[in-house]
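Here's the structure we're looking at; comments come further down.
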Amino acid sequence: MIIREIQLTDAENLANLMMDVDKQSEYMLWEAGERNINKDAQRQMIESIQAEENSTILVAEIEDRLVGYLLAIGGKARRNKHSAYIVIGIPEAFRGKGIGTKLFLNLDEWAQKHHVSRLELTVVTKNEAGISLYKKAGFEIEGTKRNSVWIQEEFVDEYYMSKLL
């Protein structure tokens, strides 16, 4: 398995990966088909993120196939440029195989090189596997975002989690 930063040539594969993750995960913000993910939109997103010193997209690749992604979106204001908001996605067939752990280890290295000292994310409180991964990666729960998202005909809470480097 290779963990690396995204390249523009990955745009179509990233679009397909994100659509797969949206279809397979009950805890992602976007439901399957709710957003327009295509090669051109992903290419624009990649270019935008690559232009920011405090943002990146890391991908996990096995045999030339993308099997996971981690977006780190850095703060835009002078006062929060040291922080990055994290979104991670791994298709169901590849979960529990250490991909998330390796993405987070690479993120820590990237963050230190790019002067990012705070990583943050939100996670549905029912997402036990996600919470376990984030705690294993060193994240701590900071608080609860009540009635944060509407999933399966009910409001559910999310945890705010962070990691200081």
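The values are calculated or read from the model by the stated rules, or taken from the named source; none is laboratory data. No experiment lies behind these values; they were computed from the predicted model shown. Here the Cβ is made from the backbone with ideal geometry for all residues, glycine too, and neighbour counts use every protein chain on show. Side chains included, ligands, DNA and RNA excluded: accessible areas come from the protein's heavy atoms. Shrake-Rupley method; radii C 1.70, N 1.55, O 1.52, S 1.80 Å.
Lysine pair count for the chain with Cα-Cα distance under 21 Å and sequence separation of 8 or more or different chains is 23.
Note on A32 and A93: their simple-model spin labels are 1.4 nm apart, each label 7 Å out from Cα toward Cβ. Counted residue by residue at 0.36 nm each, then reduced by the alpha carbon distance between them, the extension gain from S117 to E61 reaches 17.5 nm.
Dipole magnitude for the chain: computed about the Cα centre from +1 point charges on Lys and Arg Cβ and -1 point charges on Asp and Glu Cβ, it is near 620 debye.
For region 24-56 versus region 138-165, the spacing of their alpha-carbon centroids is 21 Å. Solvent-accessible area of region 29-90 (1.4 angstrom probe, protein heavy atoms only): carbon and sulfur portion equals 46 percent. Under Stokes-Einstein, with the Kirkwood radius over Cα pairs as Rh, the value for the chain at 10 °C and 1.306 mPa s is 98 µm²/s.
The residues of region 1-88 expose, per residue, 58 Å² of accessible area to a 1.4 Å probe.
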